[in-house]
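The values are calculated or read from the model by the stated rules, or taken from the named source; none is laboratory data. As the structure is a computational prediction, the values presented were derived from the model and not from experiment. FYI the Cβ positions are ideal-geometry reconstructions off the backbone, even for glycines, and counts take in every protein chain you see.
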């Protein structure tokens, strides 16, 4: 059994909250620059230039890349041989979020109650997903999620008879209905299978996959390519002002499901789809 102190977890989460909001990942920056080169619309190309410049300024000056610094979504892969010493893991994570959003001057966007709408004042609680794995390591991934894109996400319980064409139609319709609201060019996470909540989690997890990396399953890889092509034919373009590049990537994850169902979820990430990770 390997011991990891709760304080060490808190410190790691604090840093990840700041880093993920200041510094876009290398794969996303590369995709944005490629989108600038590929965009054919003059207005769209100008928008892409500003998006790239904004990300570069944020990195150079250690500033949030977007004013919506999101609700903290945390993915934990914890080895079954790990023991958290000196406090609970959930509270250690929330304390890290609390410190990170204060130290990094990140906007506090969480309300305590979804109906009473009173701000928690420290961006907690985080949304935490736990996964128990073999070994004695603890992997922490922070993915701040802004709600311009989150609000455009959707889940639909399709029938098995709807098949792959039904999946395609739902995904493309979701993006088309979103229009400019999720701040395109977007990253589209799609979850297929499981149950309603599993499909949604698959879609969220799909946003963590590096841009340009395809699903290992041949038929899902093909589906990703087809969806990306269809979405980029919608003409929504950068910032919704028209153009060829509406999406940077479509990432699809799948899971076994019931014989009577075909759950599909679409989780849209904006042009600053943020995440950072560390292993303790």
For residue 82, only one of the following conditions fails: (1) closer than 30 Å to residue 226 by Cα; (2) buried (at least 18 other Cβ atoms within 10 Å of the Cβ). What is its number? (1)
Of these, 41, 5, 62, which one is touching a helix residue (DSSP H, G or I) at 6+ places or on another chain (Cβ under 6 Å) and surrounded by fewer than 18 Cβ atoms within 10 Å (Cβ to Cβ)? 62
Is one or more of the residues making up the range 39-59 in contact (Cβ under 8 Å) with a residue 60 or more places away in the chain and farther than 24 Å from residue 246 by Cβ? no
Within the range 6-47, can you find the residues that are in the same structural domain as residue 140 (by TED's automatic domain parsing) and over 23 Å from residue 67 (Cβ atoms)? 6, 7, 8, 9, 10, 11, 12
Selected residue (criterion: surrounded by the fewest Cβ atoms within 10 Å (Cβ to Cβ)) from residues of the range 89-104 that are more than 11 Å from residue 10 (Cβ to Cβ) and over 21 Å from the mean Cα position of the chain (by Cα): 103
Would you call residue 99 in a helix (DSSP H, G or I), over 27 Å from residue 268 (Cβ atoms) and modelled with pLDDT of 95 or more? yes
Going through (1) more than 19 Å from residue 73 (Cβ to Cβ); (2) under 17 Å from the mean Cα position of the chain (by Cα) one by one, residue 33 fails only at (2)
